[in-house]
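Before any comments, here is the structure.
Values quoted throughout were computed directly from the atomic coordinates according to the rules given, and no laboratory measurement underlies them. All of these numbers come straight from a predicted model, not from anything done at the bench. When we count neighbours, we look across all protein chains shown, and the Cβ atoms used for this are built from the backbone with ideal geometry, even at glycine.
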Amino acid sequence: MSFKRVRYLFFLRDVLLLSLTAFGGPQAHFALFLDMLVKRRSYLSESDLIELHALCQILPGPTSTQTITSIGFRIGGPNLAYLTLLVWMLPAVSIMIICGIFMIIFQEMNISLEFLKFVQPIAIGVVAYSAYRISSSVVSTRTGFFLMIISTFTAFLFRTPWAFPIMLLVGGFATAFKFKQLEVEEKNRIKINWSNFLLWLGVLLFAAILGHFTQYRPILLFENFYRNGSLIFGGGQVLVPLLHTEFVEFKEYLTSDEFLSGYGLVQALPGPVFSFSAFVGTISMRDGNILSQIFGGFMAAAGVFLPGTFLIFFVIRFWEDLKKYRMVKASLEGINAVSSGMVIAATFLLLEPIEPITINYVLMIGTAFLLFFTKIPTPFIILGGLLVGIILQ
């Protein structure tokens, strides 16, 4: 066996270890990538990791997943990158599909899901804290603050899936013209290989056309999640308002209680938060048998993870030249501000169906308080709420 192949196998082993131990979302994942892949294994330099992470933050798709996939791309090209994606996402996706199946079984057997009642308000507390963390880190100008406030109200009032991409485009356009405030860099002519972009676009159009003519729900799920995965910037928290609007309010594939329970459970798992998509896909296939539910879960997961992967493969080849264009950098201010407003709106959207009783408000505020003032990991808080609910049940 060649040295390269051995190195690739060791890398995939390290990715699997991370997928089973990386709790806490993109910020925590970055620290673990730095420790495991840079300091301990030396797969790349610290500056390379920071730059790749920054690139993934400005592209749509799950940031942590794109970062670790792009590391695989740097080490072994597209083949290793796709294996990296599979190893990284599979454990969490599989667990969330199992959770979705058990929730369906419990409901069919009329087994009470009251043991999840504390997880739901805790999940809202997590979203609220995430909104604070995201907005405080990316919104630092008057323009950004104004866009964040406007997008918060817009996302709350216009609850249609098509409102969100329009908001993101408007936000990026609004700040792109501030590029004159940025330092001019010497630019080279950009040489672009369009193959991965055409692959991304081709899959998007093919899934939309096939879904339209077949109305086969797994294909529709793939198309829905592929579209959402092509529009989301940042971590899984930004995915919440889009999925809640589309699958709970618009299509009514699952209830708000089910949605919140699944989102709470994914917070207690290692790996990508975007694996929540597998839970939504599984529940959305509740009318079928267990195989169709599993298929729906994997189709949803594939839909949300693939577009970011195609786009990072497309951009990484000419990123060195692209990042020197000031208008590209300037547009990120508006995109990030709008994303922050969408997460703030998600907090209020998720709050609406929660029963207005004291214990729920205590749990929501208490969760945000613990995350803000202590170092207690989110999974421990979620598991604590789940344990108390089981005991009381």
Once you sort the root eigenvalues of the Cα gyration tensor of region 237-364 as a ≥ b ≥ c, which label holds: rounded (a/c under 1.5), prolate (a/b larger than b/c) or oblate (the other case)? oblate
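Within the chain, which complete DSSP H helices have Cα atoms spanning at least 15 Å along the helix axis and a mean Kyte-Doolittle hydropathy of 0.0 or higher? Write down the numbers at each step before the final one.
Values: long enough: 3-21 (27 Å, 0.84); 46-57 (17 Å, 0.18); 63-108 (47 Å, 1.23); 119-138 (28 Å, 0.99); 142-157 (23 Å, 1.48); 163-176 (20 Å, 1.86); 195-214 (27 Å, 1.68); 217-229 (17 Å, -0.39); 256-267 (17 Å, 0.03); 290-315 (39 Å, 1.89); 326-351 (39 Å, 1.20); 358-373 (22 Å, 1.88); 378-392 (21 Å, 2.45).
Correct list, ordered by number: 3-21, 46-57, 63-108, 119-138, 142-157, 163-176, 195-214, 256-267, 290-315, 326-351, 358-373, 378-392.
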If contacts are Cα pairs under 8 angstrom and at least 6 residues apart, what is the relative contact order of the chain in percent? 33 percent
Contour minus Cα-Cα distance for ASN79 and ILE192 (0.36 nm per residue): 38.6 nm
Segment GLU252-THR214, length gained on full extension (0.36 nm per residue, minus Cα span): 11.7 nm
State whether region 90-392 is rounded, prolate or oblate according to the following rule on the C-alpha gyration tensor (a ≥ b ≥ c being the square roots of its eigenvalues): a/c under 1.5 gives rounded; otherwise a/b larger than b/c gives prolate, and the remaining case gives oblate. oblate
Starting with the highest mean, order 278-287, 144-153, 257-266 by the number of other Cβ atoms within 10 Å, averaged over the residues of each peptide. 278-287, 257-266, 144-153
What shape does region 77-135 have by the C-alpha gyration tensor, where a ≥ b ≥ c are the square roots of the eigenvalues, rounded means a/c under 1.5, and otherwise prolate means a/b greater than b/c and oblate the rest? oblate
